[in-house]
Structure formats: C-alpha cells, structure tokens
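Worksheet for the structure shown next.
Just so it is clear, none of the values below were taken in a lab; they were calculated from the coordinates. If you're wondering where the values come from, they're calculated on a predicted model, not measured in any experiment. Quick reminder, even Gly has a Cβ in these numbers, built from the backbone with ideal geometry, and neighbours come from all protein chains shown.
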Amino acid sequence: MYTEKRELLCSKCRKRVSYHIFKRPAKRIIKGVEIEYEEYYGICDECKSEIYVPGLDDKNEDNVEKLFRKKKNLITIPEIKVILEKYNIEKRPLSKLLGLGELTITRYIDGQLPSKKYSDLLFEVLNDEHKMKKLAEENRNLVSAVAFEKIMRAIDECEKEKKTDTSAERIALYVINSGKEITNLFLQKILYYIKVISELCLGKTMIPEPCEAWKYGPVFPKVYNKYKEFGKQEITINLSNDYIESLLSEEEKEITDLVLHTFGIYNAWFLKDLTHLEDPWRIARKGIDDNDASRNIMDDVVIMSYFLKMDQKYNLKSPEGIEKYICYMKKRMME
Ligand SMILES: [Zn+2]
C-alpha cells in the first residue's frame, strides 16, 4: 500500500477525491495457464469504493505477462534487451544472425510472445557467447561488416571477462555483479576482506593466492590488471547474471554477501585507511613510506594471526562483530 497525493474523479461521489492504492491476490487464466498474482487497485478515500486509476491496468497486465512468461519459461523483454546490449547489436541484425525474420526481435521487444523454440534460442545466446559466435559466423553475409565486427568484439570482451585463472578473479565477477558501484580500488579491499573472513568462517580461505601491500592497501595484481582500463570509474561487465551466479557455491555467496553488507557499506577510501591501520599491511611495508609504491607480498600467516586475534575479541564471523571491529578501528583512526 502506498499513498498517492493526486486526486481523481470518483464516479460515486461525483467529485475529485483522494485515494489509496492496495494490493489483493488475484488469478487469471492465459492460454490455459493459471496465473496467481497480486493485483493493484484504487479505493476512494471518501466512499471506500473502487476507483479507476489510470495506468494501473497496464501495471497489472505487465505483471501478469511477466509471471506467465516465467511459468512457461519464456524469455522476457528485459532479457532480450540484455542480449542487444551484451553483443552491442541492433534488433534487425540480431534477427538475421539468429536466422529469424528481420522484424522478429523488434516485435518481441514490442511485446509479442516468442514461441518456445525461439525463446530457447534467445536464452542460449544470452548465456553462451560461443553459440552466438557460431551463429554470427554462419550468417555473417546477412549483416553489414560493421555489425559483424561489433558483435565479434563484444564476444571477445565476454571471453576476456570469463577468463579467471585465480579465485580472486572468479569472486571479483560476483562482487562486480552485486549491484553496488564497484571501482577497482574498492574491489581490491572487498576481496581482501573476503580472503580473511572466509578463512575465519570456513576454516579455509576462498582466495588462497597472496595479495601485495600497495600504496592504497592490499591488491590482487591479476584482478587489478584485468580491470585497470576502468581507472577510477565503475567497472562494468557483460556476462549474464546466471553465468556469474553459477561461479560461486552457496557458501561462497554467503561469505561474499556478508563482506559486502558490512565492510562494503563503507567507501574505498575509508577501507584504504582501515587496511593502513591494520598490522598485516603495515608489517608487509616495514621501512617503506606510506606514500611510496611497493609490491611486497602480504604474508598469509601474518594476516591470519592478526585477524584471529581480532576474531577472538569481536567475533568477525557475524555482521554485528564486524561492525564492532570497524567501530573500534574508527576510534583508532581519530587518535
Ligand atoms: Zn467516492
């Protein structure tokens, strides 16, 4: 339920009235499939009868359609839009490369329901760049050279993103896909705390490879270099949600989410200051000025002996404990 400030004409009261919008469970049968959904409706504040609210029918229709597609396992319009973005391609050339009629994708975007067969084909190219590459190569004479080159470049990009030689690179994809604005500087700090917190929670770290004590805190060089081109900007990737979700176990997702919901609510510069205050970074940089570059390896034994101590004091395996630890470190920053 939410409040609408605007007024509408109530046919019973015969005047403009304020109203509220409510939700109620509803059922509808589409093409023999029963859809249960939450229907929005408006109620006049004065006579309490139902009132016509423009736009609400469309909203309900969209909702029913989305649920119907979900139930029939049919691709949705936003998912088709992801394909266009992912492969940097227009609707017509995509139709042609997939061996469909020239206007097929345009019609799907306008709301026409795809057949199961074509929907499955679209799911396939959404999730599998190799399938797209194969189709594009087979049908390259059907589209312009420019369109073909654009799509090939986009496929190369995806393949580069998928290449993960280290655990840090694999976990990084999930962090980047988390919906937060992730810069390279921020990503490095989050990976560092995932390395630590996973060891505490699971008894085995999710990121066994070592990190280096750079000027702005711990860094995983392979990950850093992979996303270097983004500079200080937000990192963006083209891989599908389903693919990225499949890279991590449920346990790994839980730990990553724990770190994102605790350390991850602070910005990269705060996290930099935090790591600068902690023993492992300081010890790895012994003798080096804070403003100087270094590629000294941070010793895993040193890292864990510090965090085991902090874990005993604060219980870093829980969100509350991590928050307490950060509060304590904040006070130390002010000293
Ligand atoms: Zn009324």
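Things worth noting here:
- Excluding same-chain neighbours fewer than eight residues apart, the aspartates and glutamates reachable from residue 86 by a Cα-Cα span under 16 Å are 124, 128, 129, 149, 156, 157, 159, 161, 242.
- Segment 2-71: radius of gyration and largest Cα-Cα distance (Dmax), Å: 14.1, 42
- Ranked by how many other beta carbons lie within 10 Å on average, peptides 275-284, 313-322 from highest: 275-284, 313-322
- When 294, 11, 119 are arranged by Cβ crowding within 10 Å, least crowded first, meaning fewest neighbours, the order is 11, 294, 119.
- Of the DSSP H helices in the chain, those whose Cα atoms cover at least 15 Å axially and whose Kyte score averages 1.0 or more: 184-202
- Of 102, 129, 212, the sequence from fewest to most neighbouring Cβ atoms within 10 angstrom is 102, 212, 129.
- Segment 77-162 - percent relative contact order, Cα under 8 Å, separation 6 or more: 37 percent
- Take every Cα pair under 8 Å whose residues are at least 6 apart in sequence, average their separation, divide by the length of the chain, and the relative contact order is 12 percent.
- Extreme residue, positive dipole direction of the chain, given options 213, 303, 108 (C-beta unit charges): 108
- Partners of residue 286 within straight-line reach, counting aspartates and glutamates whose Cα lies under 15 Å from its Cα and excluding those fewer than 8 residues away in the same chain: 212, 278, 299.
- Cβ crowding within 10 Å ranks 271, 191 as 271, 191, fewest other Cβ atoms first.
- Cα-Cα over 25 Å, subset of 70/134; 96/116; 180/253: 70/134
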